[in-house]
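The values are calculated or read from the model by the stated rules, or taken from the named source; none is laboratory data. Source: prediction; values computed, not measured. FYI the Cβ positions are ideal-geometry reconstructions off the backbone, even for glycines, and counts take in every protein chain you see. Calculation scope for accessible area: heavy atoms of the full protein, side chains included, ligands and nucleic acids excluded. Shrake-Rupley method; radii C 1.70, N 1.55, O 1.52, S 1.80 Å.
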Amino acid sequence: MSPIPLTVNGEPREVADRLTLADLVAELSSANSGVAAALNEAVVPRGSWPRTELTAGDRVEILTAVQGG
C-alpha cells in the first residue's frame, strides 16, 4: 500500500493507505479526552472515528481543548 497525501491542521502530510481518523488522532494526540476532529470541514463524532477511513486529498483538523486561566 502506498502512502496517501492529506492536509492535517493546514500542513501537508502523507499517511498509510486505509488509515482511519481514529488512527490519525492517536498518532498526533496523546490526550484521552477534550479532542475534536473535523474531516473536510465537517465535525466527525468521536464514535465514528474508527470507521472513518481517510482518502487522498482529505483535509483534517484535530483540536485539543486546553485549560487555562
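Below, the figures for the structure above:
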| item | result |
| --- | --- |
| The listed residue being free of Cβ contacts under 8 Å to residues at least 12 places away in the same chain, of a type in the set (A, V, I, L, M, F, W, C) and on the phi < 0 side of the Ramachandran plot, out of Ala42, Ala37, Ala56, Ala31 | Ala42 |
| Members of the range 19-46 found to be over 14 Å from Pro5 (Cα atoms), surrounded by 13 or more Cβ atoms within 10 Å (Cβ to Cβ) and of a type in the set (Val, Ile, Thr), listed by number | Val25, Val35, Val44 |
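Each row is one residue, and each column tells you yes or no for (1) touching a Cys at 6+ places or on another chain (Cβ under 7 Å); (2) open to solvent by 70 Å² or more (accessible area, probe 1.4 Å); (3) at pLDDT 95 or above.
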position	(1), (2), (3)
Ile4	no, no, yes
Gly10	no, no, yes
Glu14	no, yes, yes
Asp17	no, no, no
Ser48	no, no, yes
Leu54	no, no, yes
Gln67	no, yes, no
